[in-house]
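The values are calculated or read from the model by the stated rules, or taken from the named source; none is laboratory data. As the structure is a computational prediction, the values presented were derived from the model and not from experiment. With ideal geometry, Cβ positions are generated from the backbone for all residues, glycine too; neighbour counts draw on all protein chains shown.
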Amino acid sequence: MTEIIHSFLNLKQYCESEQYKGWDPYDGLNSKIFNALPLKKWNVARLVWIQGFKRSPINFRKLLLVPKQYNSKGLALFLSGYCNLYHVAKQGDTTFGDEKAIKQAIVSLANLLLQRSDKNQSGACWGYNFDWQARLIFLFPKETPTIVATSFCVDALLKAYEITNDNRYLDCAKSAANFVINDLNRTPIEKGFLFSYSPLKGNDTVINASLLGAKILSQVYAYTKEDQLKELARTTIDACCALQSKDGSWVYGLMEVQSWIDSFHTGYNLDAIQTYQDITGDESFSHHLELGLEYYLQAFFMPDGTPKYYHNATYPIDIHCPGQLFVTLAKTKTFSQNKDLAQKVMQWTIEHMQDDKGYFYYQLKKGVSSKISYMRWSNAFMFNAMSNYLKEVS
C-alpha cells in the first residue's frame, strides 16, 4: 500500500505542477505549423497528421508548436478525483491533503468547467480542445460537444455540488439533460434507439456513447424526478442491452469499422447501466450487468494483473485499460470481492507504466512504446482511477 500511496502522490505533484494543462494523443491539428499550411483543408492530410502524432513514440509537439492546454474531460477527471480524496480526508486520512485544501481544488476545477461549457446548445455540454478527424468520414471541429466529454463533466459537477452545495454546479449539470434530449441525433434500432456521439452527423451508433447519454439522464433524474428522463434512459439502455452478445460482450459500435470489443469502453457501459439501476431502482438490466461484469473481468485481465486492450489481443496496453478497472469495481460495488485483482493490476500498472517523474505512459506495445505524458488521456484518467482505489481501501 505504501508503494501505491507514493505513486499517487508523485502523480498528484506532477499534475499540480503542470496546472492540469498538457498534450493529448489526438491534438496534432493544434499545431501552429500545420495550421499555416494549405494541407489543413484536406481530410487525408488531417488524418495522416493526427495519426502520425498519435502513433509516434517520439513527441514532436514542441517542435511543431502544439501548445499545452486544458481539456474539459481531463479537468472533470481531476475534479472527480479530488472529490474522492475529499471523502478520504473527511474520514481522518489527510495523506493527500486536508479537507480545506482539497475543497479549494474542487472549487477551482468546478469553476473552470463552468467557464468551459458550450453556451450555444440547448443545455450545458463540453467537447475537446482540438479538431478531430475520424478516419475520412467526418471532422469534429475543436470544442464540438460530445456526449462522452459531457458525461464526465456532469458526473464531476454533481460530485462537487454534493460537497460544496454550490447550486451553480447542480444547475449546470441538470441543464445537460436538455443537450442530450434536444441536440443529439437518435438512431432507431429494433429495441429503442441510440444517442449520437455529438450533434454532428457521422458517429451515431457508438454503444458506450448512448449509454453515457442514459447516465446523464439518470443522474439528472435523481434531482428532478422528471419521468421523461427516466424513460428515455431506460429506452436507450434497453436498446444497448439488446446489442449485448450472449457472452456478455459489446462491440464498440454498429459501423463495420467499429466492430472491435475492448476493455475500457466495456467498463463505461457497465458504469452507465449501474448508475441507472442505482438511481431508479429499476433492476430490469441486472442480468446484463452481471453478465457484462463477468465477461469484463475474465476477458481483459490476466492472472498476474496484466491488462488487455482487446478481448482477443493484449497489445497495445492502453493506460485506460488498467485505470477503468478501479472505477468500474467501485461503481458496481464489487471492489471488495475483487480486491486481489485490483491490487495486482495496480502494482503492474505502477511498475510498467509510470515514469519516475510521476506521470503515466500512454501505451505499451510489443515494439517501441509511446511513453509520452498526456494530461487527459493518461494522467487525469489515472488520477481519478487511483483516487477510486484509495477511497475503496481507506
> For the stretch 345-363, which residues satisfy the criterion of being touching a residue at least 60 places away in the same chain (Cβ under 8 Å) and part of a helix (DSSP H, G or I)?
Replying inline: 346, 347, 350
> Across the stretch 224-240, what is the total count of residues that are over 21 Å from residue 287 (Cα atoms) and crowded, with 16+ Cβ neighbours inside 10 Å?
Replying inline: 1
> So which of 36, 76, 124 ends up being modelled with pLDDT of 90 or more and more than 23 Å from residue 197 (Cα to Cα)?
Replying inline: 36
> Inside the stretch 251-337, counting only helices (runs of 4 or more DSSP H) that do not spill past its ends, which hold 2 or more residues that are in contact (Cβ under 8 Å) with a residue 40 or more places away in the chain and in contact with a Pro (Cβ under 6 Å, 6 or more places away or on another chain)?
Replying inline: 320-331
>> Let me confirm something: among 152, 78, 138, which residue is farther than 23 Å from residue 175 by Cα, out of contact with any Asp or Glu (no Cβ under 8 Å at 6 or more places or on another chain) and among the aromatic types (Phe, Trp, Tyr)?
In response: 138
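Let's see how each residue does on (1) closer than 30 Å to residue 101 by Cα; (2) touching a strand residue (DSSP E or B) at 6+ places or on another chain (Cβ under 8 Å); (3) part of a helix (DSSP H, G or I); (4) not polar (S, T, N, Q):
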| site | (1), (2), (3), (4) |
| --- | --- |
| 159 | yes, no, yes, yes |
| 163 | yes, no, yes, yes |
| 173 | yes, no, yes, yes |
| 187 | no, yes, no, no |
| 191 | no, no, no, yes |
| 200 | no, yes, no, yes |
| 208 | no, no, yes, no |
| 213 | no, yes, yes, yes |
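Quick grid of which residues meet (1) basic (Lys, Arg); (2) over 21 Å from the mean Cα position of the chain (by Cα):
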| site | (1), (2) |
| --- | --- |
| 44 | no, yes |
| 54 | yes, no |
| 57 | no, yes |
| 60 | no, yes |
| 63 | no, yes |
| 68 | yes, no |
| 74 | no, no |
| 86 | no, no |
| 89 | no, yes |
>> With the requirement that a residue be among the hydrophobic types (A, V, I, L, M, F, W, C) and over 12 Å from residue 331 (Cα atoms), what does the stretch 280-306 give you?
In response: 285, 291, 297, 299, 300, 301, 302
